Structure formats: C-alpha cells, structure tokens
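Student: Take this structure first; my questions come after.
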C-alpha cells in the first residue's frame, strides 16, 4: 500500500519527504503542521493538478473539477458546483431522494434476515441509486445495457483505473508504454461505455417532450447554466459530462467506503455500537418506522462516531495530488514548480502528537474538541483543504448520516457464523478510495424481532 510505505519512510526520515519517482519530483507531507503550510500558506502555489494519463482519458481531457489544472476554467466550474449544484438549498431539495432510497435500503437489508447481508454491496447500490436520481432524475432499475448492476460495474472499472499504478505517469516521456501494456485501450473502452450513457442522458434531457420533474436534477441545472450564456468560458457538452462524472465518482465511492468502515468499526467496538443505538432509539419518537433528516441534528453521538470514522479511515488515505505552479518554500525546503505534492491524510489522522490512543476507535475524543473535518483543522483532513478541498462535503455527509442512523435504528447487528470481533478482517484494499479488502457481511436482525426474542 503506498500510504503504508510512505508511513514507514516518514517514521524514518521525518514529516516531509522528497522522492524522485521516475521523472517526477515528488514531495510527501505527513504532519498537520506541514499540511497547513502546504494547503493554506502556499495554497495558491499548490493549486494545480498533475495531468495523469488515466484522468485525461476518463475525464474528458481533465475538464472536470477534480483533475482540471488551476486557472480561469477551473475557477468557473468550481463556482458552478458550489453555487448551483452543491448549495445548501440544492442539497436540501434532494432530501426526498435520500429518504426514499434509505427506505429501499432498509427493506433490502430486512429481506435478507435471517441470512447474511453483504452490507458493502448494499451500501454501494444505495449510493449509486441516490446519485443517479440526483444527477439524471432516474435510476437504472429498468434493465437494458445500463441496468443497475451494469452501471455499478462501470463505476468500479473507473475507480480501478484511476487508482491503479501506471508506470507512464512517472515517466511521461515514455507515454507509449500505455499502448504496450493495454492500458490505453482499456481506458478508451471504459470511457466509450460511460460516454454513450451520458450522451443518452443528455439527449433525454434536451427532448422538449420530456416530462418535467418538480425538482431539477443536476443535468437540468448544468444545461440551464449552459443556455444562460453568461459564462466567461462557455460550457461544452463534454464539460457538462465531466462535471457530472465527478459527482458520481466522488459522491458514490466516498459515502459507501465511509459507511463500510464505520459499520466495521462499530462491530469491532460493541460498546460504541450500543451507545450509538441507544441514542438513536431514545431520540427518535416511539412508533416511527425510520429516522428522518429532521431528526439528524439531535443525534450528537452519531456525529462523533462518523467523525472518528473519518479520522481512522479517510476515504482516500493520500489526498488527490497537487502540483506546484511556482517555486515555494515548505519547512525551509525549496520546492520547484511542477513538483507533485501528496498529503498523507491517514497518517496525519493517527499522529500521536494530536491524538491520544490514535489507533483506537473512540468517538468520545471529540466531545470537548472543536476539531472538524471541513478543511480548517489540519489534523483531520478526510476531504482535503484549501482551494482544492472537496466542495461536496455537505451532500456526502448527509448521505452517510441518514443511512447510519437508520441502520442503527432499524436493526441489531451480529457477525455471521459465530465469528468473534477479533475475527473480523480489517485489511484494506488498494485503490483511489480505501475499501475493505473483504466485503462487510453481517446478520441484521430487525429491531422489533430482536426485542421480542
């Protein structure tokens, strides 16, 4: 695992490393103090992205928000995301989608009783269904080329290609190597499949006979922005598709992987599980079938559980790399322009300088703490910080809170086949997001049934 190898190097050589990775000068930052220097003090100098080969082929030549180089175009599309796609009002307008999909998830889990539930798979389906409805105004439950499972497989292929090791990214002068290894043809094939789907969705939205929904989906919003003609740099259809693709990959994977790890930690820590369940079941009015979004502000301990999950298991252990646009100085070291800079968020989240018992899952550590995960406290950076911090934090956290609250409210959870907590595999899988290596499979007993036993 790259972040584990970098942890070993940081423990030996210190919190800032210079590595010559092939032809690419690379700096790795592994402390909160230096992360603040990189992401705040020198935020502008570190505001660009390296143009990695897979991103260029999968994200419409890096015209999305995540991988676009810093400049006027990136500032424009980030502004669109913040003001139009991910504003508090827009996020709230999709509450009915989240609550309907949570209800569907709860039904799926209940139907698995008394058998074993592959919770990892169900959480991925939930996230995808929400994002499909938010982005396109529909899901893919109708079958055909883009049925639900086909769409899920395409997303997994995208994530695998983005997170995989590519020799050509470290030797740009040898870009031909991607053709020899088959990487280029695989990228092109995957991109064509997604692009066909997105073309189909955009065509449906442009159809004047299409039935208008009460709430605009994200494609509607972007097409409206495009038609207004008030942008300094007009949006092309490829730009629209690139932005939507960001919403999917950032929104679905981040939510699913965070929920997967939080539930795994709760299974490993039954006292924390019981405390979180007691809170949810005492706060929610008796007789209610499910937790609603209006209940979430009252669930203070649940929010601490999620925060602790982000600390131990940031969705991406290494933040998406930045690239320096000019020379700068960090910790007295001169960093040249065009240097790739990584921040090891996972190692920072376990730094004993900031965290007592850093490897323990203890939500209570945040009870008297003001530390938050929104990019202002550099000892906790699950979503990055500065100009390149994730603009969709509010949307993503809501997806996580409403699901976790309902899973704890509606079910009691056990490990299958008499497993003990120490038998639960907590090994990580390699990828751009850090999933469990083995899916989380649990027995979910509906709460009413467990109460009667």
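The values are calculated or read from the model by the stated rules, or taken from the named source; none is laboratory data. Because the structure is predicted, anything quoted here is derived from the model rather than measured. Quick reminder, even Gly has a Cβ in these numbers, built from the backbone with ideal geometry, and neighbours come from all protein chains shown.
Student: I'm trying to understand the selection: among the residues of the stretch 44-60, which are surrounded by fewer than 17 Cβ atoms within 10 Å (Cβ to Cβ) and touching a residue at least 12 places away in the same chain (Cβ under 8 Å)?
Tutor: 44, 51
Student: Just the residues that are crowded, with 19+ Cβ neighbours inside 10 Å, in contact with a strand residue (DSSP E or B) (Cβ under 7 Å, 6 or more places away or on another chain) and not in a helix (DSSP H, G or I), please, taken from the stretch 108-142.
Tutor: Residue satisfying the conditions is 117 alone.
Student: Determine which member of the set 451, 434 is at pLDDT below 95 and closer than 30 Å to residue 90 by Cβ.
Tutor: 434
Student: Additional query: Which of the residues spanning the stretch 236-265 are crowded, with 21+ Cβ neighbours inside 10 Å and free of Cβ contacts under 8 Å to residues at least 60 places away in the same chain?
Tutor: Answer for the stretch 236-265, where residues must be crowded, with 21+ Cβ neighbours inside 10 Å and free of Cβ contacts under 8 Å to residues at least 60 places away in the same chain: just 240.
Student: On the given criteria, is residue 375 touching a residue at least 60 places away in the same chain (Cβ under 8 Å), in a loop (DSSP other than H, G, I, E, B), under 21 Å from residue 39 (Cα atoms) and out of contact with any strand residue (DSSP E or B) (no Cβ under 8 Å at 6 or more places or on another chain)? I'd like the intermediate steps shown before the answer.
Tutor: Details: touching a residue at least 60 places away in the same chain (Cβ under 8 Å): yes; in a loop (DSSP other than H, G, I, E, B): yes; under 21 Å from residue 39 (Cα atoms): yes; out of contact with any strand residue (DSSP E or B) (no Cβ under 8 Å at 6 or more places or on another chain): yes.
Taking the combined requirement at face value, the residue satisfies it.
Student: Kindly evaluate residue 33 against the criterion of being surrounded by fewer than 21 Cβ atoms within 10 Å (Cβ to Cβ), modelled with pLDDT of 95 or more and over 30 Å from residue 186 (Cα atoms).
Tutor: yes
Student: Can you find a residue that is farther than 28 Å from residue 257 by Cβ and part of a loop (DSSP other than H, G, I, E, B) anywhere in the stretch 183-206?
Tutor: Checking the stretch 183-206: not a single residue is farther than 28 Å from residue 257 by Cβ and part of a loop (DSSP other than H, G, I, E, B).
Student: Those residues that are under 24 Å from the mean Cα position of the chain (by Cα) and either at pLDDT below 95 or under 21 Å from residue 241 (Cα atoms) (or both), I need them from the stretch 15-30; list them, please.
Tutor: Residues satisfying the conditions do not exist here.
Student: Can you tell me which residues in the stretch 318-342 are surrounded by 22 or more Cβ atoms within 10 Å (Cβ to Cβ) and under 20 Å from residue 394 (Cα atoms)?
Tutor: Once the filter is applied, which keeps residues that are surrounded by 22 or more Cβ atoms within 10 Å (Cβ to Cβ) and under 20 Å from residue 394 (Cα atoms), the stretch 318-342 yields only 319.
Student: Scan the stretch 186-213 for residues that are touching a helix residue (DSSP H, G or I) at 6+ places or on another chain (Cβ under 9 Å) and farther than 15 Å from residue 59 by Cα and report the count.
Tutor: 8
Student: Now for a separate question. Hey, can you tell me all the residues within the stretch 408-423 that are surrounded by fewer than 17 Cβ atoms within 10 Å (Cβ to Cβ) and part of a helix (DSSP H, G or I)?
Tutor: The answer is 416, 417, 418, 421, 422, 423.
Student: A further question follows. Return yes or no: is residue 391 within 25 Å of residue 121 (Cα to Cα), in contact (Cβ under 8 Å) with a residue 40 or more places away in the chain and assigned to a loop (DSSP other than H, G, I, E, B)?
Tutor: No; evaluated as a whole, the condition is false for this residue.
Student: Out of the residues in the stretch 77-92 that are without any contact (Cβ under 8 Å) to a residue 40 or more places away in the chain and farther than 24 Å from residue 233 by Cα, state the one that is surrounded by the fewest Cβ atoms within 10 Å (Cβ to Cβ). It would help to see each step written out before you state the result.
Tutor: Step one: filter the stretch 77-92 for residues without any contact (Cβ under 8 Å) to a residue 40 or more places away in the chain, giving 79, 83, 87, 89, 92.
Next, only the ones that are farther than 24 Å from residue 233 by Cα stay: 89, 92.
Values: 89: 6, 92: 11.
Here the residue is 89.
Student: Right, residue 38: within 30 Å of residue 353 (Cβ to Cβ) and crowded, with 17+ Cβ neighbours inside 10 Å or not?
Tutor: In short, yes.
Student: Right, something else. Give, as residue ranges, the helices (runs of 4 or more DSSP H) completely inside the stretch 24-105 that count at least 1 residues that are out of contact with any helix residue (DSSP H, G or I) (no Cβ under 6 Å at 6 or more places or on another chain) and closer than 19 Å to residue 340 by Cα.
Tutor: 32-36, 53-58, 72-80
Student: Filter the stretch 348-361 down to the residues that are touching a residue at least 60 places away in the same chain (Cβ under 8 Å) and either in contact with a strand residue (DSSP E or B) (Cβ under 7 Å, 6 or more places away or on another chain) or surrounded by fewer than 23 Cβ atoms within 10 Å (Cβ to Cβ) (or both) and list them by number.
Tutor: 351, 353, 354, 361
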